[in-house]
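Notes to accompany the following structure.
The values are calculated or read from the model by the stated rules, or taken from the named source; none is laboratory data. Keep in mind that what you see is a predicted model, and the values were worked out from it rather than measured. Positions of Cβ are generated from backbone atoms using ideal geometry, with glycine treated the same way; all protein chains shown enter the neighbour counts.
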Amino acid sequence: METPPLKFIVEAALLAAGGPLKVEQMIELFEEGRRPSKQDVHKALHDLGEDYAERGIEIREVASGWRIQVRERMGNWVARLWEEKPSRYSRALLETLALIAYRQPITRGEIEDVRGVTVSSSIIKTLLERDWVRVVGHRDVPGRPAMYATTRQFLDYFNLKALDELPSLAELRDLDALTAQLDFGLPSAEAEAEDEPVADEGA
Amino acid sequence: METPPLKFIVEAALLAAGGPLKVEQMIELFEEGRRPSKQDVHKALHDLGEDYAERGIEIREVASGWRIQVRERMGNWVARLWEEKPSRYSRALLETLALIAYRQPITRGEIEDVRGVTVSSSIIKTLLERDWVRVVGHRDVPGRPAMYATTRQFLDYFNLKALDELPSLAELRDLDALTAQLDFGLPSAEAEAEDEPVADEGA
Amino acid sequence: MSEAQRQATTTDAAETTPELHPDVVHMNPHEEHPRQAEMPFAIVQGAPVTQIPQDLYIPPDALEVFLEAFEGPLDLLLYLIKRQNLDILDIPIADITRQYMSYIELMKDLRLELAGEYLLMAAVLAEIKSRMLLPRPPSEEGEEEDPRAELVRRLQEYERFKKAAADIDDLPRVGRDIHLVGTELAERKVLRLQPQVDLQELLLAFRDVMSRADMFSSHQVEREPLSVRERMSQVLSLLRPGNFTPFETLFDPAEGRPGAVVTFLAVLELLKETLIDLVQNEPFAPIHVKAAG
């Protein structure tokens, strides 16, 4: 069988190895007597590097040898391969968000007063990171707690033009009207609510 | 940021995925509104295939999608990356696998009928553990034996896209056609044959 | 049997039983033509043995290997047929049966554990043989089926799957003939998708938390338009800590009268909650707004 060009053997080996290979290891892929020199292998690596100039992959020397890797600028697309399935938000987070929406500007202490339980820092952090709430000032009381309010992004996400498009509490309490208006199956919604973890529900 | 050519994104994704990707999965690497069409992706796959024509890698569609793989002719060199020799499979396992592949869904009893011997549990276990076969139901006869069928992993492993790519089965020849010409019923002929040394049959 | 044929069958047999030189299993005691000048069929104490020993001693180990080399009685029968270049459709049943039985007897003599299937096949062969020897009564339907038909069908069926198994074994295989590729990412990021929230969920959460709150405070009468609440947040966010903001910049003329009213209510509410301070140095001077504290 004819021997393919060295650079294609090197390429195939680097891709199949799934990790870095040393030049010596590449040389040992050949039978004794047919082994390329180190220079040959370096030349092949260099040529491959040039072949890849325009492409989404690159050849690089790292501590344990040479490897072919996907360029960083391809990360945007490639990273989606490993998307994690989104989890669901906890009941505690949703209640906190709802209170910020309806009672803004509101401090954490005030949210805790209504909910009757502590609001964990991670919930506030998640809401801030998602750009759904922001700090709009500090209340002038001891400790100067931050006051939270909802953002434009919050309105956009829920497809609202303004907060007053949210139903009032009175409307919310009128279950029958709500069911008709929002068209959600109340029994199932109730059942779902029961499935929610209630660990931090002090009440 | 400028979007790189589609074929380079596809290439990077296939290399990074480390396994087959379906065209739909490749499309979903793009943000909504920027997604290429199926035709675009197919074109990119085709172009990559042409780019690889001279090289040690190839692009191929198997049951679970498209993948980049090292060409068979590079096996000589690439196989040296690994100390371990690829496993060989016993004839008993291969025959069992062949029966499941060509006669699926099939029960163990039906496999035994054709092979004329018991199928050991360890063979079935190995095939199940390798994800080459799976139980697809139970035959509605006494004992409700499990029916086995092959999986996508089986096709992927043997470099196949679908079952119809399996080599075709040998034809069964008809005995009746031959029977007409034969005088098999003559007791004397048989008795005579019995006295003859075996090795002379061909003479 | 010509030499060419013999070679052909030998090759055939070698394919069937790769673990075994075919001659090792060639131990028919009735063999009348020991093969000369062929490959030694065994090496005994370093010396090649080319003649079938008369006393036919077969080491039990070899027989075990022999037995293991076959995937059951059908495979053994196929081997016997192939070895003699016979057509599967025209098996000399008496011959084959005799050969088959001699193997079985040998195995029994050596007390090898013989799978039941081999004995069952022996019975089948004997039955076919007897049917072929007996004169056949005239059949009502004219032609009677060849007694070998069922066996031939099974042999053929087994043979095609034996071939299919070999074909599958020849397919390019991952890890043996083809190798999968994989690359590292320059920097591996995992996209963590954000959970989706439905507005209904949010509303239900609010309704529930407020119902619970009712149990703590019996007189919670609040009916504030949300637009004022929202505007309060907006006004607050306009204020820079420590800086004075001109009062009129809080109003957007484009919003018209209702907008101005909402902003004014928001400012009053913020004042009431002491979240902002209003500063005016003298009557009719510009009013400035400042975050409290």
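Worth pointing out:
- Sole residue being of a type in the set (Gly, Ala, Ser) and at pLDDT 90 or above, chosen from A:Ala63, A:Ala98: A:Ala98
- One residue from B:Lys85, B:Lys22, B:Lys38 being at pLDDT below 90 and surrounded by fewer than 18 Cβ atoms within 10 Å (Cβ to Cβ): B:Lys85
- Test: residue in the stretch A:161-168 that is in contact with an Asp or Glu (Cβ under 9 Å, 6 or more places away or on another chain), under 16 Å from C:Leu226 (Cα atoms), surrounded by 19 or more Cβ atoms within 10 Å (Cβ to Cβ) and modelled with pLDDT of 85 or more: yes
- Restricting the stretch C:147-175 to residues that are facing chain B (nearest Cβ under 7 Å) and in a loop (DSSP other than H, G, I, E, B) leaves a set whose member that is farthest from B:Leu169 (Cα to Cα) is C:Gly175.
Residues checked against (1) under 30 Å from C:Gln200 (Cα atoms); (2) in contact with a Lys or Arg (Cβ under 7 Å, 6 or more places away or on another chain); (3) facing another protein chain (nearest Cβ under 7 Å):
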| site | (1), (2), (3) |
| --- | --- |
| A:Pro5 | no, no, no |
| A:Lys22 | no, no, no |
| A:Leu29 | no, yes, yes |
| A:Arg35 | no, no, no |
| A:Lys38 | no, no, no |
| A:Asp47 | no, yes, no |
| A:Arg91 | yes, no, yes |
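- Cβ separations smaller than 9 Å between residues 6+ apart or across chains give the following pairs from the stretch A:128-152 residues that are at the interface with another protein chain (Cβ under 9 Å from one of its Cβ atoms) and exposed (fewer than 15 other Cβ atoms within 10 Å of the Cβ) to residues that are at pLDDT 90 or above and in a helix (DSSP H, G or I): A:Val141/A:Gly109.
- Meets criteria (part of a loop (DSSP other than H, G, I, E, B) and free of Cβ contacts under 8 Å to residues at least 12 places away in the same chain) for C:Asn243: no
- Test result for B:Gln69, polar (S, T, N, Q) and under 16 Å from the mean Cα position of the chain (by Cα): no
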